[in-house]
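Presented below is the structure to which this report refers.
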Amino acid sequence: MTPKIIGDKTYQKMHPLGRIPFDWWRIPILTNSDKQRTGYPTQKPLALYERIIKASSNEGDMVLDPFAGCATTCVAAERLNRQWIGIDIWEKAHEVVVNRLRKEVGLFGDVTFTDELPERTDDGATAAPEFNLEMRGIRPAWQRLSHKQIVAELAEAQRAKGSPEGMVTCATCGREMELPFMELDHIDPRKSGGPNDISNRILLCGPCNRTKSYKSTISQTIELNKKSGWHRPELKEAADGAGKAARRRADAVISNNGPLVGDEI
């Protein structure tokens, strides 16, 4: 609307329909430790789906998600008093839908479920035959440990023996330092395809971690430490022991399918 100028001030009346919305929404992404997390690889925030449903339907309308996955659409629709249908080829989809509804909506009634194929009306033609569909499952709990949980597990494993409490041994140089001076890094670099879970993580002191950078392996870092003078031969046994203890801890966490210290996922 045309602004009105009085003296050195400009007054603008708002449009009766409100301001034009932005072309982006400020909705935080899900962190690895978020309570909404189910482990589904493409899971989106519940707030995003609720906003989409609010903008495109009314209470009582039917919401269809033909790729329901971890049921975020179904949960959002239920919370907003919409009817909903979720479809997925994953065999555990029904179980995830029911569990999430009970946990996040408080719904304890039955959810209508069927695994019968719908009646075809296209004479049995193959849909998108060029696509090679791959089944995706939920990552196990040990692969979903947060940064804080992994540090806690490895700090317990690499705890310096015979030293004051809170001292941790670097798995590269063997020096003992307090936990705040230790840094979590990858054993095999991510650049080379190393996984981003506890099976491939280690605690290193700050100098060793900076030397290792993002592209070196542990053995390469040791060689670089020798060239720089940071390596101390008398600490090699301590470094090797810390590395082996960290691997044993990782194996135990994997076997337990979850953390051994702190809260469960």
### Task
Can you give me the number of residues within region 189-227 that are surrounded by 15 or more Cβ atoms within 10 Å (Cβ to Cβ) and either small (Gly, Ala, Ser) or within 21 Å of the chain's Cα centre (by Cα) (or both)?
10
### Summary
Among (1) closer than 30 Å to Thr112 by Cα; (2) more than 23 Å from the chain's Cα centre (by Cα), Asp23 falls short only on (1)
### Task
For region 70-95, enumerate the residues that are assigned to a loop (DSSP other than H, G, I, E, B) and either in contact with a Phe, Trp or Tyr (Cβ under 8 Å, 6 or more places away or on another chain) or in contact (Cβ under 8 Å) with a residue 40 or more places away in the chain (or both).
Cys70, Ile87, Asp88, Ile89, Trp90, Lys92
### Query
Looking at Phe67, Phe22, Phe108, which one is at pLDDT 80 or above and either outside any strand (DSSP E or B) or not aliphatic (A, V, I, L, M) (or both)?
Phe67
### Task
Pairs only if they're at least six apart or on different chains, beta carbon under 9 angstrom, first in region 174-193 and within 18 Å of Gln220 (Cβ to Cβ), second of a type in the set (A, V, I, L, M) and assigned to a loop (DSSP other than H, G, I, E, B); list them, first residue then second.
Ile187/Ala171
### Message
So for region 1-18 (the condition being more than 23 Å from Thr114 (Cβ to Cβ), in contact with a His (Cβ under 8 Å, 6 or more places away or on another chain) and surrounded by fewer than 16 Cβ atoms within 10 Å (Cβ to Cβ)), does at least one residue qualify?
### Response
yes
### Query
Got at least one residue in region 143-156 being touching a Gly at 6+ places or on another chain (Cβ under 8 Å) and over 30 Å from Leu30 (Cβ atoms)?
no
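The values are calculated or read from the model by the stated rules, or taken from the named source; none is laboratory data. Just so it is clear, the model here is predicted, and its values are computed rather than measured. Heads up, the Cβs are rebuilt from the backbone with ideal geometry, glycines too, and the neighbour counts pull from every protein chain shown.
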